[in-house]
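The numbers here are math on the coordinates, done by the rules we state, and not lab data. Computed from a prediction, not measured in an experiment: that's the story for all the values here. For neighbour counting, all protein chains shown are included, and Cβ atoms are generated from backbone atoms with ideal geometry for every residue, glycine included.
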Amino acid sequence: MGKTLILCGKMFIGEYTYKIDDKKRLAVPPKFREELGKKVVITKGLDCSLFLFTLDEWKELAEKISKLPFSQADVRGFSRTMLAGAMEVDVDSTGRILIPDYLKSYALLKKEVVIAGVYNRVEIWDKEVWEDYKKRTENEVGDIAERLKELGM
């Protein structure tokens, strides 16, 4: 189906290609299932993706967002997108999650998707959108690395 996924401790890494079934369910890669648990939070992500968090990671992120000054428009917009856009979903006995319609529309998900492990979260992308994004960022990785140097990388 795709590249092998690797889970190191509490870190999600790797990418995998899956298909959304006719009932809007998506299988979670087997190597991610144990770490994610039986309930996960799915929300609007960045760059036209969805983010999938463990309940613990979600609580930590939500708490950080709640401490930001809501008097700032950017904070209100970000918190509304992340928090109001979130939904707790069950991982069924075969490792599938149901993707709500509003999130499927937000991320432009069609049939084929890429599930990418990104350290403390799993991202869900439409395959075509992912391929375009990946191509752009891989072409700019040297410039990106230079800019990250300012952040201590």
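Using a Förster distance of 25 Å, how high is the FRET efficiency between Val75 and Asp47, based on the Cβ-Cβ distance and rounded to 0.05?
It comes to 0.80.
Work out, step by step, the length gained on full extension between Met87 and Lys111: first 0.36 nm times the residue separation, then minus their alpha carbon distance; give nm to one decimal.
6.6 nm
Considering only C-alpha atoms, what is the centroid distance from segment 10-36 to segment 38-61, in Å?
13
Return the FRET efficiency for the residue pair Ile13, Asp101: r is the Cβ-Cβ distance, R0 is 22 Å, and the value is rounded to the nearest 0.05.
0.15
Would you mind working out the magnitude of the charge dipole of segment 83-138 relative to its Cα centre, with +1 at each Lys and Arg C-beta and -1 at each Asp and Glu C-beta, to the nearest 20 Debye?
Here segment 83-138 has a charge dipole of around 160 debye.
Under 1.5 on a/c is rounded, so check that first for the chain, then, if it is not, pick prolate when a/b is larger than b/c and oblate when it is not; a ≥ b ≥ c are the square roots of the alpha carbon gyration tensor eigenvalues.
Note, shape of the chain comes out rounded.
Arranged by the count of other C-beta atoms within 10 angstrom, fewest first, what order do Tyr102, Tyr18 take?
Tyr102, Tyr18
Order of 77-83, 122-128 by packing, highest average Cβ count within 10 Å first?
Going by the mean number of other Cβ atoms within 10 Å, highest first, we get 122-128, 77-83.
Starting from the amide H of Lys110, placed 1.01 Å from N in the peptide plane, find each other amide H under 5 Å away whose residue is 5 or more places distant or on another chain.
Under 5 Å from the amide H of Lys110: Lys127.
At a 10 angstrom cut-off on C-beta neighbours, averaged per residue, how do the peptides 113-121, 68-76 rank from highest to lowest?
113-121, 68-76
Go through 133-139, 103-109, 21-27 and give me the packing order, highest mean Cβ count within 10 Å leading.
103-109, 21-27, 133-139
Please report, in debye to the nearest 20, how large the charge dipole of the chain is about its Cα centre when each Lys and Arg carries +1 at its beta carbon and each Asp and Glu carries -1 there.
360
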